Every structure is written in C-alpha cells, then in structure tokens.
Amino acid sequence: ASGTLAASLIYVSLFDLKNRIRVQLGQGLEVNYEGQAVILPYHREFVSIWYDSTLHHVYVYDHDLGLELRWDGEASLKITVDARYKGATKGLCGTFNADSSDEINLLKETVVMPSSYQIMVQAWELPTCSHKSSDYNPVDFCMPSLDDYSACKLALTNVKFSFCVTDLPPIHFIERCEQDLCRCSDDDGCKCDVVSAYAQMCQDVIHSELNWRSEDFCPRNLCLFGQNGCLHKCTAPGICSCDDGFELAGDGKSCLVIII
C-alpha cells in the first residue's frame with residue numbers, strides 16, 4: 001500500500017426522534033446518553049445499553065423502535081430491526097425484502113440505480129456530515145498491488161472461514177479489501193476491518209459464532225475495554241505493563257513495587 005488516506009468509523013450515534021433520545025458510542029466502552037457519559041449496563045424507559053464481556057460487543061436496544069445496535073468498539077456495526085420494518089427500509093442497510101437485487105438504492109424515488117456503493121453512500125450522506133467527496137479519489141485512480149491482493153486473499157480465505165465459502169463467497173470482500181489497502185497507511189488495521197465485516201456476515205449466514213481472531217490474526221485491541229484490567233499501562237492488543245519502579249505481578253494485570 002502506498003496511500004495515506006483511510007476512512008475510519010470512530011463514533012456511532014442513535015437518534016430516536018420520537019422519544020427524543022440520543023445515544024453515542026465511541027471507542028471501546030465509551031458510551032454517552034443525552035451527552036452524559038454512562039457506565040454499563042445502563043437502562044432507561046425506552047433504551048437498554050449493555051456490554052458483552054465475552055465477545056467484547058456493546059449493545060443498544062431501543063424498545064419502542066424495535067431496533068438493536070451491536071458495536072464492536074472499533075469499526076464494525078450491526079443493525080437489527082424488528083419484523084415490522086420488513087420491506088420498509090432503504091439506505092446503507094438495504095431494503096429488508098429478501099430481494100438482493102435492489103440493495104443499492106438512492107435517497108429519492110428513482111428507477112436509476114447507482115453504479116457503485118460509493119455513489120449510494122454519498123447520496124445518503126447527512127447534511128451535517130463533514131465528509132467531502134472531493135477529498136477522495138475515484139476507485140479507478142488507485143491500482144492495488146499484488147501484495148495487497150495476496151494479503152487480502154490470504155486473510156479472507158483463512159481456514160477459519162471454511163464454513164462460509166459456499167453461502168458467502170469472499171471474492172467481493174477481497175476486492176473491497178484490495179481497494180482499502182491501496183489507500184491505507186495502516187495495512188493491518190484496514191485489512192482486519194474488512195475481515196471483521198466478512199466474519200460478522202458469515203456468522204449471520206451460518207447462525208453460529210466464529211472464534212476467528214487470534215494473537216497473530218486481527219487481535220482485538222482489548223485496551224479499549226477497561227484497559228483490559230491493566231492497573232498501570234495497556235499496550236495494544238492488551239498487554240499490561242508497569243510504570244518505572246514497578247514490576248508486573250503474577251496476575252499479569254497489577255503492579256508491585258520493586259524492592260532493591
């Protein structure tokens with residue numbers, strides 16, 4: 001990769017206009033309700049927010065809207081809506097009508113379908129969004145290298161995804177991964193964002209959780225989740241260390257004074 005431009009999703013916001021509720025999710029366990037930081041689990045009349053410490057996901061469920069957010073604290077978001085919305089959704093999450101041919105759609109009613117996801121994303125952009133499409137070169141201007149392709153193919157055809165290949169071929173994810181790496185200055189981070197998205201969709205298809213991450217393959221940055229329990233310092237992906245004059249205790253989390 002030779003580029004320096006990379007998109008990064010940092011905050012997720014839920015606006016319930018009917019009940020005048022605003023929830024914002026940041027990195028790790030950073031959660032704000034109506035502009036105030038809250039500690040999880042957190043429950044209000046219409047909203048429940050909790051943290052799954054096993055999978056390291058933050059969940060938000062709006063009881064009135066029938067909408068659930070699942071946020072991995074870094075870059076991957078899953079939105080689930082009740083059956084009442086079947087055939088009534090549009091935008092980046094698709095049409096929820098069991099027809100995959102019309103998932104790419106524009107904001108206004110039109111028979112013209114955009115030729116790429118990039119056009120659709122810009123069409124659904126909020127007026128308050130600070131994104132400037134002029135800052136991004138068209139896809140054609142970035143030619144992925146053989147190294148980009150090899151890294152993406154190796155990651156997305158990992159044996160851990162063998163249950164997914166038939167129902168969810170990785171070819172389109174490899175193409176997206178190539179383009180991201182072509183523009184990205186953090187190859188591992190960008191690659192793992194795409195792999196994470198593929199893993200999430202794979203899990204939905206096979207209706208089972210995949211233990212696909214490891215210490216040397218897209219490890220989660222556990223420092224984002226309560227410093228991974230480290231009492232002094234935490235270094236990604238979750239390694240505890242101590243300040244000068246201290247040494248790591250046997251539990252691997254706390255620190256002891258060094259006695260000379």
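The values are calculated or read from the model by the stated rules, or taken from the named source; none is laboratory data. Since this is a predicted model, take the numbers as computed values, not measurements. Quick reminder, even Gly has a Cβ in these numbers, built from the backbone with ideal geometry, and neighbours come from all protein chains shown. Heavy atoms of the whole protein, side chains included, go into the accessibility calculation; ligands, DNA and RNA do not. Shrake-Rupley method; radii C 1.70, N 1.55, O 1.52, S 1.80 Å.
Inverting the pair-averaged 1/r between distinct Cα atoms of region 201-243 gives 11.9 Å as its Kirkwood hydrodynamic radius. Dividing the C-alpha radius of gyration of region 1-99 by 2.2 N^0.38 Å, with N its residue count, gives 1.18.
Normalised by 2.2 N^0.38 Å, with N the number of residues, the alpha-carbon radius of gyration of the chain equals 1.14. Across the options LEU25, ALA98, GLY238, the greatest Cα extent toward the positive end of the charge dipole of the chain (unit charges at beta carbon of Lys, Arg, Asp, Glu) belongs to ALA98. Normalised by the number of residues in the chain, the average gap of Cα pairs under 8 Å and 6 or more apart makes the relative contact order 14 percent. Dividing the convex hull volume of the alpha carbon atoms of region 139-212 by its residue count gives 79 Å³ per residue.
In plain terms, the chain from SER53 to ASP186 could stretch by 45.2 nm, reckoned as 0.36 nm per residue minus the Cα-Cα distance.
A 32 angstrom limit on the alpha carbon distance is what I want to check against. Which of LYS160/LYS253; LYS153/LYS253; LYS18/LYS78; LYS191/LYS233; LYS18/LYS233 exceed it? With Cα atoms farther than 32 Å apart: LYS153/LYS253; LYS18/LYS233.
The alpha carbon centroids of region 35-76 and region 227-248 are separated by 27 Å.
Shown for the chain: the carbon plus sulfur share of the solvent-accessible area, taken with all protein chains present and a 1.4 angstrom probe, equals 56%. According to the Cα-based calculation, Rg over Rh for region 167-243 is 1.07, with Rh computed by the Kirkwood formula.
Measuring only protein heavy atoms, the 1.4 Å probe finds ILE171 accessible over about 90 Å².
Placing dummy labels 7 Å off each Cα toward the beta-carbon, the span from ALA88 to THR157 is 4.4 nm.
Extending each Cα 7 Å along its Cβ direction at GLN36 and HIS172, get the distance between those two points in nm, one decimal. Taking the simple label geometry, GLN36 and HIS172 are separated by 4.3 nm.
About its Cα centre, the chain has a charge dipole of approximately 500 debye under the convention of +1 per Lys or Arg Cβ and -1 per Asp or Glu Cβ, with nothing else charged. For region 149-260, the dipole from Cβ point charges (+1 on Lys and Arg, -1 on Asp and Glu) about the Cα centre works out to 140 debye, to the nearest 20.
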